[in-house]
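Read-outs: derived from the displayed coordinates by stated rules, not from any lab. In this text, all values refer to a predicted model and were calculated from it rather than measured experimentally. Using ideal geometry, Cβ is built from the backbone for each residue, glycine included, and neighbour counts are taken over all protein chains shown.
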Amino acid sequence: MTHYAYQTGRETLELEVDYVVVGSGAGGGSAAVTLARGGASVAVVEAGAWRDPEDYPYTLYGAFRDLFDEWGSSVTMGRALSPVLQARTMGGTTVINSAIVVRTPGDIFQLWKDQVGLDDPDMPETIWTYQDQIERELSVCPVPTESMGRSNVLALQAAENLGIEGHVIERSVKGCLGQAQCLQGCRAGRKQSTNVTWIPEVRRRGGTVLSCAPVRRLMHTQGRVQGVEGHFVHPQTRKKGSRFQVRARRAVIVAASVTHSPMILWRSGLKTPALGKGFRAHPGTATLGSFDDPVDMTVGATQGMASTHFRNDPGLKLETLNMPLELIAGRLAGAGKTLMDRVQNYRNLALWVAAVRAQSVGTIRPGIGGKPQVFYTMNKADMLRLRQGSIQLAHLFFAVGAKAIMPGVHGLPYALGPDQIHLLENASLDPRAWTSILTHLFGGCTMGAEAGKSVCDFDGKVHGTEGLYVADASIIPSVLGVNPQHTIMALSRRIATRLMERNL
Amino acid sequence: MTALFAFCLGAVLPPADGLPGAKDCDPSGFLRRLKKESPLVFRLSFYLSAWVLVISPLITVFLPLPAFLLPKSLLDAHVMRMSRSRLYGLRQALLMVKTVAGMCWGADPQVRRALGLKPYGEDPGTWRTD
């Protein structure tokens, strides 16, 4: 019913509801709408501002400023610095991702059973049932043919030519116009991110929404969590505004992202031995292919083709990614006149990505100013997978007539021809030689049967506390090998449903 | 200081073959906006990286001169050698400068027109207040 944006003044905004949900992305949005549909009074507390499609930026600068957490400047500490991209806006990462929907693979539940003691035999069926519902609610469909764009079409053709699995991506996008602007939000309003779907529904059902409201800490006494508190922060000036305090009669559900959820618990003095541990990711590397004719990455769905052919062996996902000119200027190797000569070829370039189902594990700890800091280094086995991914991308590019590929690996020539793939096979395995980025983050508040080895149980309940639940990607104890948004939404829906069954 | 950082943006993306460079895209105005709007960590990372570009010609072209005193051809050689350097820190500093330069240059309407791309609209910078 009510939306509180940035507030100033000395008075503390005080509210009391049944459930407080911290975060409004895939996890928070899903939990909040499930609770609201069940008749509970809900408050969603989001650190970022609430922007509608007409507020979204056009430029990359605007996207960094308005939609990305810390302007996308968070990097891992380790052997190499890899960017860790997350959103800070109403709708969370669902606003800036490509809205890719992939069901949780069955082998993941077996893995959780073997590794962390998952003891609910019904979980796979429950998750898939929720995923059915979510797909209907968010109008999930394959990228329409007319919105594919040439890069996606070429990638599909390449997979077919090589005889490997390749498919048109399914996304929660209704009537995609193929403007290649997923990264900057979707100004056409076609992407079904939670800020345009579930959060407005929560409001319609009488819920309260706080935006520009980063939670500083959880209020708790004697192991019982009673609410959240913090100060409003102006989205442009970052000036501190009024204090807010939202009390929860029943429970607080933290869904503030893989990096922020553990830090909220940490700052609140709710440290457990496993907090911040078990951080995992799908590190990705991009390869550019140069064609004789224009490919035009500014036309077509940002991501329209994927291949899970190598998901199990060696552990890769291949996909397309249309990248704006601003980012390509930074991504192409070189500088000065040479870089300008290279970037002039922008319209003839396609960019495809290999994401690794990595086994490397990192940690999240408080860094400068209490901000989350990820410590993560890819191990040799994962670097081998990354290199194999790059080689597969090279084969795909040459299978559809690319003149040259630009893998962006230090120590290799700028461009490789079809007869130079062997150079890639001998490329360095030092993470510092590669340009990689961490996408699809997991862990930090992992779920598990044993309290000493996990932060919460399989219902998201934080061990050793009452009234505190976690419902985002931070509870996922493994990588998935597929895009995680659908799994996060379904897990969160399961947590909220079970919570209501027990509490109402 | 803005002029120095603007110089760095121009050094990594100079004009070429009828295509405007970063220095033709109002880098000073862009940097003033960046200073006002970006978080401290982002800003500091960029400033530090720009300083590395300025003071490192001794490592790349073996001249004890700041980059802004290098003749054009040597400046070009300097930034190119930074990109190929064995020193990870140098490469990362250049990447940061290129990223910021790319944001300034790639959104410029003249650049986009020159490359046959549709110019961007103006970022609204608005949000729900009610």
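Close amide H pairs (under 5 Å, H built 1.01 Å from N) link A:R216 with A:E229, A:G230, A:H231, residues at least 5 positions away or on another chain. Give me the percent of DSSP beta bridges within the protein assembly as shown that run antiparallel, rounded to the nearest 5. In the protein assembly as shown, DSSP labels about 65 percent of beta bridges as antiparallel. Taking a straight Cα-Cα cut-off under 21 Å and skipping sequence neighbours fewer than 8 places away in the same chain, the lysines within cross-link reach of A:K174 are A:K191. By the rule of a C-alpha distance below 18 Å, with chain neighbours fewer than 8 residues away ignored, the aspartates and glutamates paired with A:K240 are A:E11, A:E14, A:E46, A:D66, A:D69, A:E70, A:E229, B:E37. Straight-line cross-link reach from A:K277 at under 26 Å between alpha-carbon atoms covers these lysines, not counting any fewer than eight positions away in the same chain: A:K113, A:K317, A:K371, A:K380, A:K453, A:K461. A Cβ-based charge dipole, computed about the Cα centre of the protein assembly as shown with Lys and Arg at +1 and Asp and Glu at -1, lands at about 1720 debye. Measuring between their Cα centroids, the stretch A:106-125 and the stretch A:205-264 lie 31 Å from each other. For A:V22, nonlocal amide neighbours, meaning residues 5 or more places apart or on other chains whose placed amide H falls under 5 Å from its own, are A:V45, A:I253, A:V254, A:A255.
Annotation: amide H-H contacts under 5 Å for B:L117 (H modelled 1.01 Å from N, sequence separation of 5 or more, or interchain): none.
Quick check: from the Cα gyration tensor, does the protein assembly as shown come out rounded (a/c under 1.5), prolate or oblate? It comes out prolate by the Cα gyration axes. A DSSP coil position with no more than 12 other Cβ atoms inside 10 Å describes the following GluC sites (Glu not before Pro) in the stretch A:448-504: A:E450.
Only Lys, Arg, Asp and Glu carry charge here, each on its Cβ (+1 for the first two, -1 for the last two); on that basis the stretch B:2-114 has a dipole of about 240 debye about its Cα centre.
Shown in residue order for the stretch A:222-237 are the 3J(HN,Hα) couplings computed by the Karplus curve 6.51 cos²θ - 1.76 cosθ + 1.60 at θ = phi - 60°: 6, x, 9, 7, 10, x, 9, 8, x, 10, 5, 10, 5, x, 9, 8 Hz (x for Gly and Pro).
Starting from the Cα gyration tensor of the stretch B:2-114, take the square roots of the eigenvalues, sort them a ≥ b ≥ c, and report rounded, prolate or oblate (rounded when a/c is under 1.5, otherwise prolate if a/b is larger than b/c, else oblate). It comes out oblate by the Cα gyration axes. Applying both filters, DSSP loop and at most 16 other Cβ atoms within 10 Å, to the trypsin sites (Lys or Arg not before Pro) of the stretch B:64-124 gives B:R86. Using C-alpha pairs below 8 Å separated by at least 6 residues, the relative contact order for the stretch A:10-66 is 31 percent. Note on chain A: dipole from Cβ charges, positive end direction compared against A:G27, A:F398, A:S478; the farthest Cα belongs to A:G27. Find how many whole Å separate the alpha carbon centroid of the stretch A:376-451 from the alpha carbon centroid of the stretch A:30-73. Here the two parts' Cα centres lie 31 Å apart.
Distance between the C-alpha centres of the stretch B:98-130 and the stretch A:468-504: 37 Å, rounded to the whole angstrom. Per-residue Karplus couplings for the stretch A:467-472, computed as 6.51 cos²θ - 1.76 cosθ + 1.60 with θ equal to phi - 60°, are listed in order as x, 10, 10, 10, 9, 8 Hz, Gly and Pro entered as x. Using a cutoff of 8 angstrom between alpha carbon atoms and counting only pairs six or more residues apart, the relative contact order for the stretch B:2-114 works out to 33 percent.
Electrostatic bookkeeping for A:N483 treats Lys and Arg as +1 and Asp and Glu as -1; over the other residues with beta carbon under 13 Å from its beta carbon, the sum is +3. Return the calculated 222 nm mean residue ellipticity for chain A, to the nearest 500 deg cm²/dmol, obtained by summing -39500 (n - 2.57) across DSSP H runs with n ≥ 4 and dividing by the residue count. When only DSSP H runs of four or more count, the value is -8000 deg cm²/dmol. Projecting the Cα positions of A:G241, A:Q110, A:L423 onto the charge dipole of the protein assembly as shown (unit charges on Cβ atoms of Lys, Arg, Asp and Glu, taken about the Cα centre) puts A:G241 furthest along the positive direction. Computed on chain A, with alpha-carbon pairs under 8 angstrom and 6+ residues apart, the relative contact order is 24 percent. Going by a ≥ b ≥ c, the root eigenvalues of the Cα gyration tensor, does the stretch A:201-264 fall in the rounded group (a/c under 1.5), the prolate group (a/b larger than b/c) or the oblate group? The shape class here is oblate.
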